[in-house]
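Encoded as structure tokens, the structure appears first; notes follow it.
Read-outs: derived from the displayed coordinates by stated rules, not from any lab. It should be emphasised that the depicted structure is a prediction, and the values quoted were computed from it without experimental measurement. Don't worry about glycine lacking a Cβ; one is built from the backbone with ideal geometry, like all the others, and counts go over all protein chains shown.
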Amino acid sequence: MNNHSVDPAATAPAAGRLPALPWRVPLDRAPWWAWALFVLPFVAVPVLNSWLWMGARDFLAVGLFTLIGASVVRVAGGVVLYKVEITEATLKARTSLLVRSLAWQDVDRVEVVDGSVVLGSGRDENEINGITKGRTDEVAGVIEAAREAAADRPVRRSRPRPGLGVVLVLTYLVLSVGAFLVRWHMI
């Protein structure tokens, strides 16, 4: 493992200044099929559930629920970052299911590890992976400069809030139950 702390003077942006905030961390684009694999089962199950006969529906439901479970675990468990933004008070990261914020006062150290930036907060570590190749040191420098600039500001902490994935899961549940109720003439 290639652990080393960031020297703010060596990696700070040009002229030792922060870029205009909020600043978006340059991330590699997620492949188009990653979102398609996440969204497709949520659309397919309610549609198929509404018109298949009962025997086939049982087998298909088991298969599609397995696919949905694997898709959700892959996207949610893998913590794919879709947007990371550096603000004056916090670092905001958007995954498929949550939007999380980390106050600069909670960050004890910034390290570059194997093409990722790791923010240490006591025993906890938050990793920013998927950074565009060759820009890891620049990102670490901007983070360190933002952290130092926020040292005398009041702390603004926030709880994780739902992201787009939560909306998709709730939509899926409504469509599935609705399709079942319509199919069996309950509504």
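Classify region 121-171 from the C-alpha gyration tensor, please: rounded if a/c falls under 1.5, else prolate or oblate depending on whether a/b exceeds b/c. Here region 121-171 falls in the oblate category. Restricting region 115-149 to trypsin sites (Lys or Arg not before Pro) that sit in a DSSP loop and have at most 11 other Cβ atoms within 10 Å of their own Cβ leaves R123, K133. Computed on region 87-159, the Cα convex hull volume stands at 92 Å³ per residue. On the basis of the beta-carbon distance and an R0 of 45 Å, V182 and D108 show a calculated FRET efficiency of 0.25.
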